[in-house]
Amino acid sequence: MNLSILKDLFKKKEPAPITNLFDSAPFLAPWYFTRDAPAIINNGRKLCWRFIEKVGDEYVGITVLHDEADNILGFVKAYNYIFPLPDASKFLIWNRVTKQETGNPCVTIQLYNAAELRNLDKTDQAILDFHGSKELFRFAPEPISTLKYIIEPSIAKNTFSFPKAFKVFSSFLVVADYEGLYDGSPDFGNTLMLEFDPAKDVITCYKQDWFNKSNIDRGYQWITRAVKDR
């Protein structure tokens, strides 16, 4: 028998790399942000994240996006989600707190092209001004596309015309809160998940009954993010 065949038969196989399923989930600031995640690449430069707790004696709790020269390209407050493309060239961002539109909570998602990001004022005063503003995040220039979806929890699966720019993104899950999700049951929680599927122009709503109707202390325990196990 050929010795090379024998070597192939008894060759020790390298174990498959272990990947974390949640690496493909949206990242919630600041808890799931690290120096390198979520990955954002600006014209060949891999950008980094840094949490700023205080400016002087004032607590600000802001996560900044910066380059290796410490130029700041973005400010992000807590409870914002970022969902980047696998190649880190574009990203979506939205806030967990829904805003009322026509009587119902609304999720607003903005899409940015990482290659277009420009430097922001990085002085302490600029950081303090952003902290004191009503802005949830700040990037320049403006987003290349914006999506607004008024939540209709009574409709499990809803047809939705996604902007063309969103079509490059795979489906993703948005964790949101809907006040009064269960009519006449004030003691229940109000968490739901929305699966956004740009390729199919469909948004699916999943009420989280297992969580909302449980005895969990929702003051301390909450659903932070989700990903589908495909």
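Figures for the structure shown
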read-out	value
Residues within region 107-127 that are of a type in the set (A, V, I, L, M, F, W, C), exposed (fewer than 15 other Cβ atoms within 10 Å of the Cβ) and assigned to a loop (DSSP other than H, G, I, E, B), tallied	0
Subset of region 14-53 [assigned to a loop (DSSP other than H, G, I, E, B), modelled with pLDDT of 50 or more and more than 28 Å from MET193 (Cα to Cα)]	GLU14, ASN43, GLY44, LEU47
Number of the condition not met by THR63 [criteria: (1) of a type in the set (S, T, N, Q); (2) modelled with pLDDT of 95 or more; (3) open to solvent by 20 Å² or more (accessible area, probe 1.4 Å)]	(3)
Top-ranked residue in region 73-98 [being over 19 Å from TYR32 (Cβ atoms) and out of contact with any helix residue (DSSP H, G or I) (no Cβ under 8 Å at 6 or more places or on another chain); ranked as most open to solvent (accessible area, probe 1.4 Å)]	ASP87
Failed item in (1) touching a residue at least 12 places away in the same chain (Cβ under 8 Å); (2) polar (S, T, N, Q); (3) closer than 19 Å to LYS77 by Cβ, with SER133 passing the rest	(1)
Single residue of ILE216, ILE203, ILE155 found to be hydrophobic (A, V, I, L, M, F, W, C) and free of Cβ contacts under 8 Å to residues at least 40 places away in the same chain	ILE216
Lone unmet requirement of (1) small (Gly, Ala, Ser); (2) open to solvent by 70 Å² or more (accessible area, probe 1.4 Å); (3) over 16 Å from the mean Cα position of the chain (by Cα) for GLY189	(2)
Scan of region 168-186 for residues that are at pLDDT below 95 and under 17 Å from TRP94 (Cβ atoms), ordered by number	ALA176, ASP177, TYR178
Test: LYS213 is within 24 Å of PHE83 (Cβ to Cβ) and of a type outside the set (Gly, Ala, Ser)	no
Residues of region 192-215 satisfying the condition of being among the hydrophobic types (A, V, I, L, M, F, W, C), farther than 30 Å from PRO163 by Cβ and surrounded by fewer than 14 Cβ atoms within 10 Å (Cβ to Cβ)	TRP210
Count of region 128-143 residues which are assigned to a strand (DSSP E or B) and either over 27 Å from ALA39 (Cβ atoms) or in contact with a Lys or Arg (Cβ under 7 Å, 6 or more places away or on another chain) (or both)	1
Any hit, region 99-106, residues being under 15 Å from the mean Cα position of the chain (by Cα) and surrounded by 15 or more Cβ atoms within 10 Å (Cβ to Cβ)	no
Options PHE130, PHE160; residue that is modelled with pLDDT of 95 or more, surrounded by 13 or more Cβ atoms within 10 Å (Cβ to Cβ) and either under 21 Å from ASN80 (Cα atoms) or of a type in the set (Gly, Ala, Ser) (or both)	PHE130
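Quick grid of which residues meet (1) touching a helix residue (DSSP H, G or I) at 6+ places or on another chain (Cβ under 8 Å); (2) modelled with pLDDT under 95; (3) outside any loop (DSSP other than H, G, I, E, B):
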site	(1), (2), (3)
LEU147	yes, no, yes
PHE166	no, no, yes
PHE188	yes, yes, no
THR204	no, no, yes
ASN215	no, yes, no
GLN221	no, yes, no
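The values are calculated or read from the model by the stated rules, or taken from the named source; none is laboratory data. Values in this document were obtained by computation on a predicted structure and should not be read as measured data. Note that we place each Cβ from the backbone using ideal geometry, even for glycine, and neighbour counts take in every protein chain shown. With ligands, DNA and RNA removed, areas are computed over all heavy atoms of the protein, side chains included. Shrake-Rupley method; radii C 1.70, N 1.55, O 1.52, S 1.80 Å.
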